[in-house]
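A short reminder: the numbers here are calculations on the coordinates, not readings from a lab. What you see is a predicted model, and the numbers here were worked out from it, not measured in a lab. Counting neighbours? That spans all protein chains shown, and the Cβs are built from the backbone with ideal geometry, glycine included.
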Amino acid sequence: MGIVVVKNKSKLIHEISVDGHTLLTDEPEPVGNNAGPDAHELLLAGLGSCQAITLRLYCERKGWDLGEVTVTLTINRLSNGTERVESHMTVTGDLDEEQRQRLEGIMGRCPVSKLIKSRPELIETLSLLP
């Protein structure tokens with residue numbers, strides 16, 4: 001896995017660099033300039049793409065006819081103050097009900113799903129440069 005570097009560009013706009021790829025993140029208006037997805041959207045994008053890729057690779061290994069894959073994700077705040085991530089996938093292809101059920105189980109086995117569910121330890125440090 002690559003190292004991700006996030007650097008402030010202006011106000012709340014930040015540039016994300018990873019493995020030669022660059023994208024922007026920002027907050028929506030009126031707080032930010034909406035120059036890119038916010039941090040929650042990037043988290044959901046990472047999860048959704050991981051789920052879709054995992055499904056595609058699984059179907060290729062099995063020789064299953066998987067067509068288009070679309071993942072729609074949301075973060076919802078519950079009445080007790082906790083948050084819930086919901087992921088809904090739609091697929092096309094020549095698949096039967098047994099295959100559909102198997103794929104539903106495969107969604108949650110992608111590496112990012114596993115990471116989120118494992119509640120990893122987060123170590124945060126700050127360095128002050130002159």
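At R0 = 30 Å, how high is the FRET efficiency between SER17 and ARG77 if r is their beta carbon distance? Nearest 0.05 is fine.
0.45
Can you compute the modelled spin-label distance between LEU126 and ARG56, with each label point 7 Å from Cα toward Cβ, in nm?
Reported label-point gap for LEU126 and ARG56 is 4.0 nm.
With labels modelled as points extended 7 Å from the Cα through the Cβ direction, what inter-label distance (nm, one decimal) is found for SER10 paired with ASP94?
5.4 nm
When the chain is modelled as a GNM with alpha-carbon springs shorter than 10 Å, which of LEU55, LEU115, LEU47 fluctuates the most?
LEU115
When only DSSP loop residues count, what trypsin sites (Lys or Arg not before Pro) in region 13-113 have their Cβ near at most 16 other Cβ atoms within 10 Å?
Within region 13-113, the qualifying trypsin sites (Lys or Arg not before Pro) (loop, at most 16 other Cβ atoms within 10 Å) are ARG109.
Please state the equivalent ellipsoid semi-axes for region 44-130: what are the square roots of 5 times the Cα gyration tensor eigenvalues, largest first, in whole Å?
Ellipsoid half-lengths, sorted descending, are 32, 17, 11 Å.
What stretch of the chain, leaving out the sites themselves, is the longest with no GluC sites (Glu not before Pro) in a DSSP loop having at most 11 other Cβ atoms within 10 Å?
1-120
Please give the residues of region 84-108, grouped as numeric ranges, whose backbone N is less than 19 Å from a label point set 7 Å along the Cα-to-Cβ vector of ARG119.
Only 84-86 pass the distance filter.
I'd like the Karplus ³J(HN,Hα) series for region 27-36: coefficients 6.51, -1.76, 1.60, θ = phi - 60°, whole numbers in Hz, and an x wherever there's a Gly or Pro.
Per-residue couplings from phi come out as 9, x, 5, x, 5, x, 9, 6, 7, x Hz.
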